[in-house]
1. Suppose the chain between Lys24 and Leu3 were pulled fully straight at 0.36 nm per residue; how much longer would it get relative to their current alpha carbon spacing?
2. Sorted by average packing, counted as other Cβ atoms within 10 angstrom per residue and highest first, what order do 60-71, 40-51, 87-98 take?
3. For Cα pairs less than 8 Å apart in space and 6+ apart in sequence, what is the mean separation divided by the residue count of the range 1-115, i.e. the relative contact order in percent?
4. In a shell of Cβ-Cβ distance under 15 Å around Asn101, excluding Asn101 itself, what net charge do Lys and Arg (+1) and Asp and Glu (-1) give?
5. Restricting to bridges with both residues inside the chain, how much of the DSSP beta-bridge set is antiparallel, in percent to the nearest 5?
6. With runs of 4+ DSSP H residues as the only contributors, calculate the mean residue ellipticity of the chain at 222 nm using -39,500 (n - 2.57) per run, divided by the residue total and rounded to the nearest 500.
7. Quick one: net charge around Glu136, please, counting Lys, Arg +1 and Asp, Glu -1 for every other residue with C-beta under 12 Å from its C-beta.
8. Once the other residues with Cβ under 13 Å from the Cβ of Gly71 are scored (Lys, Arg +1; Asp, Glu -1), what is the net sum?
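What follows draws every value from the coordinates through simple rules; no lab data is involved. This structure is a prediction, so every number in the text was calculated from the model and none was measured. Don't worry about glycine lacking a Cβ; one is built from the backbone with ideal geometry, like all the others, and counts go over all protein chains shown.
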Amino acid sequence: STLSVLDLSEVAIKNGQKSFSSIKYLRGNMGDCTIINSSIDVYLNLRSIHSSGVDIRMTLTECHRLLKPNGIAIFSVSNGYLTPNEIRKEELVETKGMYDNRIEAFSTEKPYELANKIRFKLDNYGFRLIEIHTGETEIFIKAIK
């Protein structure tokens, strides 16, 4: 059994290889990669499906393509960040929610909206046993292909 990591960043891959040499690292885009169809048992996508420039539909299509039957998909949506204190800029404080460009402020609703959007799309792709779990600073969406 092997563990493979797909990342777009060469720096992240080099750092990972230094710390975890037994892991296979692949450079590529989560929405369009060269991994063989139905070859992955677990697809883990943490805090990246909602990144700028990521096409959620394309990413979920790839997730479905890559997973073996009964494979597990786990996504996380960020629901908290460390941001500069308004008074002492060098000090960081936890801010709940996610920055919403539409309103130019943190929104406590946006992470849940996004998690539900992912859940709905996973259902459309035929995933089953879809669950949403809330953690301290993450919302996790789990599904079975």
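1. Numbers: separation 21, 0.36 × 21 = 7.56 nm, distance 0.62 nm.
My answer for the length gained is 6.9 nm.
2. Listed from highest to lowest mean packing, they are 60-71, 40-51, 87-98.
3. Numbers: 168 pairs, mean separation 20.9, N = 115.
It comes to 18 percent, rounded to a whole number.
4. Charge balance near Asn101 sits at -2.
5. The answer is about 70 percent antiparallel.
6. Working: 3 runs with 36 residues, N = 145.
Rounded to the nearest 500, the figure is -7500 deg cm²/dmol.
7. Working: positive: Lys96; negative: Glu94, Glu138.
That sum, taken over residues with Cβ under 12 Å, equals -1.
8. Working: positive: Arg65, Lys68, Arg128, Lys142, Lys145; negative: Asp41, Glu62.
For residues surrounding Gly71, the net value is +3.
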